[in-house]
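The values are calculated or read from the model by the stated rules, or taken from the named source; none is laboratory data. Treat the numbers as computed from the prediction; the structure is a model and nothing was measured. Neighbour counts are summed over all protein chains in view; Cβ atoms, including those assigned to glycine, are modelled from backbone coordinates with ideal geometry.
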């Protein structure tokens, strides 16, 4: 009985501390709370069927150059159909993924990956990644939004990673991160690294498409274990590393 009472008091105290920190507008660095928020952000992407949204990605490089890409997402569960303004298209269903680079007439098959990881562009939810590169997490209130931030070890290629999300719906509003292959060490002179990426999410809508959006039949077919592109993509080079 004493053990149960102590355990109850512990979680009550922990919850109280978290609430007080939130009320004071201070970042909450409790790992359990931060991990729970991260889980909710990921689940929101999957919980509602047939959600579409837009993402504008601006990359600012260390050499002063900038690149902007607009993306249109259609997602449902772990399925995704992504069309980008740089002529790249990505389709993933329960069986496989297909990346089509129309400008180069090239297509490549891949195994399905976690939708959240695909959107984050980082394996933040991977325990190995966390153990290897992350030192902690924090959540802070910023008006109607919350900002979840990761702190990284010097060897991490990610120098910063922040997710701004709606405090009620947990839908992502903005992702911003800094990346460098040299970690916190200085990059070579003239290098484009470290670079900063800002991803702005907008125009969330539900129910404007069906699962047909995730079909790859209009791109390639398989016959006797051989994959081949179909019209109008027969001139595309199809790369299939799945059986290697």
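Within the range 214-244, the residues that satisfy the criterion of being over 18 Å from residue 102 (Cα atoms), part of a loop (DSSP other than H, G, I, E, B) and free of Cβ contacts under 8 Å to residues at least 60 places away in the same chain are 224, 225, 243, 244. When the range 66-110 is limited to residues that are surrounded by fewer than 14 Cβ atoms within 10 Å (Cβ to Cβ) and modelled with pLDDT under 95, the one that is nearest to the chain's Cα centre (by Cα) turns out to be 94.
With respect to (1) loosely packed, with under 15 Cβ neighbours inside 10 Å; (2) over 16 Å from the mean Cα position of the chain (by Cα); (3) touching a residue at least 40 places away in the same chain (Cβ under 8 Å); (4) closer than 19 Å to residue 197 by Cβ, the lone exception for residue 54 is condition (2). Taking the listed residues 209, 201, the one that is assigned to a loop (DSSP other than H, G, I, E, B), touching a strand residue (DSSP E or B) at 6+ places or on another chain (Cβ under 6 Å) and surrounded by 14 or more Cβ atoms within 10 Å (Cβ to Cβ) is 209, with no other qualifying.
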